[in-house]
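Q: One structure is given below, represented as structure tokens, and several questions about it will come after.
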Amino acid sequence: MNILDSGFSPSEAQVRYLDADYVVVKPGTFVRCAITGKPIPIEDLTYWSVDRQEAYADAEAAFVAYRRSIGEEG
């Protein structure tokens, strides 16, 4: 199905995050930021944690997640 087709609706993908890459387990158009909850289009996915298997909307969200993981307030 093409994004321009009528009846197309965005869906959340399931992704396995690897070092410097990721594998789409269940196809979709976006993943959710673990910190903000905002949808991140798959083609814009840049920040994630392999250890926590989480995606982040931007560098700031990734830093907040890192601080939380080491026990600091975020």
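The values are calculated or read from the model by the stated rules, or taken from the named source; none is laboratory data. Source: prediction; values computed, not measured. Glycine gets a Cβ as well: all are built from the backbone with ideal geometry, and neighbour counts include every protein chain shown.
Q: Name the pairs whose Cβ atoms lie under 9 Å apart, with the first residue in the stretch 50-73 and of a type in the set (Val, Ile, Thr), the second at pLDDT below 95, and 6 or more positions between them or separate chains?
A: From residues that are of a type in the set (Val, Ile, Thr), the pairs are 64/74.
Q: Identify, please: which residue in the stretch 25-74 is farther than 19 Å from residue 9 by Cα and among the hydroxyl-bearing types (Ser, Thr, Tyr) and is, among those, surrounded by the most Cβ atoms within 10 Å (Cβ to Cβ)?
A: Restricting to residues being farther than 19 Å from residue 9 by Cα and among the hydroxyl-bearing types (Ser, Thr, Tyr), the top hit is 56.
Q: A follow-up question, please. Do any strands (runs of 3 or more DSSP E) entirely within the stretch 10-74 hold 2 or more residues that are within 10 Å of the chain's Cα centre (by Cα), and if so, which?
A: Values: elements: 14-18, 21-26, 30-32, 39-41, 47-49, 54-56.
By residue number, 14-18, 30-32, 39-41, 47-49, 54-56.
Q: Still on this structure: Restricting the search to the stretch 36-68, which residues are under 15 Å from residue 23 (Cα atoms) and hydroxyl-bearing (Ser, Thr, Tyr)?
A: If the condition is that a residue be under 15 Å from residue 23 (Cα atoms) and hydroxyl-bearing (Ser, Thr, Tyr), then 46, 47, 49 are the ones that fit.
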